[in-house]
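Trainee: This is the structure I have questions about; it appears just below.
No lab work stands behind these numbers, since they all come straight from the coordinates. Model, not experiment: these values are computed from the prediction. Here Cβ is always computed from backbone atoms with ideal geometry, including for glycine, and neighbour counts include all displayed protein chains.
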Amino acid sequence: MKRQQTYVKVRYSETDQMGVVHHGNYAQYLEIARLEWLEQFGISYKLMEEQGVMLPVYEMEFKFIKPAKFDDILRIETNLNKIPRVKIEFNYSVYNQENELITTATTVLVFMDAKTKRPIRCPEYILDKLEN
């Protein structure tokens, strides 16, 4: 439905003793990609929070196919498959500089009222931006 590509260069501090990216760093890579995806459609996460809407992660799933290593340039393809309601689900494919698929992932986030800490429907202004 809606796709975005983001590039991330692996820093030395993100690797472990085996010389590969530690799995815990992938959550940060996905966050970078997700924020760029939102920006592509004119959706500011900062503005969303200022308007009292939070978007916490509800689920996160990874499949690690090949390792990423120091100095690799990763291409993260972020895809939204369906119009969000209370939840928004992103799918990711991570490729190395040889264009090999190294990781797939999914995140599910929930729209939440910052004051009540209760789930809410996706704000209309976001739906409007995604439909254009």
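Trainee: Just one of (1) in contact (Cβ under 8 Å) with a residue 60 or more places away in the chain; (2) more than 15 Å from the chain's Cα centre (by Cα) trips up Arg11, so point out which.
Mentor: (1) is the only condition that Arg11 fails.
Trainee: Still on this model: Residue pairs, Cβ under 8 Å, 6 or more apart or interchain, first in the range 39-57 and without any contact (Cβ under 8 Å) to a residue 12 or more places away in the chain, second surrounded by 12 or more Cβ atoms within 10 Å (Cβ to Cβ). List them.
Mentor: Close Cβ pairs (under 8 Å, with a partner that is surrounded by 12 or more Cβ atoms within 10 Å (Cβ to Cβ)) amount to Ser44/Leu38; Tyr45/Leu35; Tyr45/Leu38; Tyr45/Leu55.
Trainee: Within the range 71-102, restricting attention to residues that are among the acidic types (Asp, Glu) and buried (at least 16 other Cβ atoms within 10 Å of the Cβ), which residue is nearest to the chain's Cα centre (by Cα)?
Mentor: Among them, the one singled out is Glu77.
Trainee: Under 8 Å between Cβ atoms, which residue pairs at least 6 apart in sequence (or on different chains) link something in the range 63-85 that is on the phi > 0 side of the Ramachandran plot with a partner that is aliphatic (A, V, I, L, M) and surrounded by 14 or more Cβ atoms within 10 Å (Cβ to Cβ)?
Mentor: Asp71/Val10
Trainee: Restricting attention to the range 103-126, which residues are closer than 22 Å to Asn25 by Cβ and crowded, with 18+ Cβ neighbours inside 10 Å?
Mentor: Correct list: Thr103, Ala105, Thr107, Leu109.
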